[in-house]
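As structure tokens, the structure follows; a few thoughts come after it.
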């Protein structure tokens, strides 16, 4: 009987250590957030052999190093549990600090001998058309929808047409599967977006998102939970300090679309299948991104569908 009780005590102690260790390491994978940062994407493009290392820092550890972290971020840091993500190759690296609770990027800084990596920007082009024009999309780093100028209200004389270009730019699309089985389709999409250069801020509370599979179309409005009728918008870098649903200059946001059979739109993305994401703001032009699933998902639960 004594031996039996001792074994139980040992088992309880082991379980307690496992729970404690799990709590201390956070339990959230922030690698997709790091990879969605424009500066990190540019770095990985220029340094394909770079490594990504993510470490969990408790609130006490951050507090003990708050002065150094504040200097690295070039702003005062409030101690909180954080993830430190280091993307580097050789002496050059990008260090990002991410709030462990809400997964918002606190700051991101480049270190090393090479100059800081610029974030690519889009160029907005104004188009002039005649009385019977043929609309031509302008390549700006994202997709624009050109209005139909062949309507009954088209001008009968030479005129200047200035389209309202969308302020939204796609950065990345990552698909997530519920398990690592080969045949399991993607059941959710995380769409990373930023505001293009010179664009006005977007309130995602007034945005409509459509997901078009090869068979059906789902129209989604903003909500607190991604389901069959709603998408969610999460601000992972709040450089502007604006509201939670706002995308402003230097912000990074993630739109989540639930494709799950039971809790979402029932449009799981299977291998070799295509899908289309449409983001329709209240005032500016919608943006569109086509995605194509790879020939196999392998044993990975996350797949980068764009870029």
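Of everything in the range 28-62, what is surrounded by 14 or more Cβ atoms within 10 Å (Cβ to Cβ) and in a strand (DSSP E or B)? Give them in sequence order.
The answer is 52, 54, 56, 57.
Checking the structure you have, find out if any residue of the range 231-242 is out of contact with any helix residue (DSSP H, G or I) (no Cβ under 6 Å at 6 or more places or on another chain), part of a loop (DSSP other than H, G, I, E, B), crowded, with 17+ Cβ neighbours inside 10 Å and at pLDDT 90 or above.
Within the range 231-242, none of the residues are out of contact with any helix residue (DSSP H, G or I) (no Cβ under 6 Å at 6 or more places or on another chain), part of a loop (DSSP other than H, G, I, E, B), crowded, with 17+ Cβ neighbours inside 10 Å and at pLDDT 90 or above.
Within the range 260-268, is even one residue surrounded by 14 or more Cβ atoms within 10 Å (Cβ to Cβ) and assigned to a strand (DSSP E or B)?
no
Identify all residues within the range 221-274 that are in contact (Cβ under 8 Å) with a residue 60 or more places away in the chain and under 20 Å from residue 38 (Cα atoms); write none if there are none.
234, 235, 236, 237, 238, 247, 252, 253, 254, 255, 256
Residues that are crowded, with 20+ Cβ neighbours inside 10 Å, at least 2 per element: which strands (runs of 3 or more DSSP E) completely within the range 172-230 meet that?
The qualifying strands (runs of 3 or more DSSP E) are 188-195, 208-212.
Under the condition of being exposed (fewer than 14 other Cβ atoms within 10 Å of the Cβ) and under 23 Å from residue 219 (Cα atoms), which residue from the range 273-307 is farthest from the chain's Cα centre (by Cα)?
Filtering first and then ranking leaves 283.
The values are calculated or read from the model by the stated rules, or taken from the named source; none is laboratory data. The structure displayed is predicted, hence computed values, not measured ones. Glycine also receives a Cβ, built like all others from the backbone with ideal geometry; neighbour counts cover every protein chain displayed.
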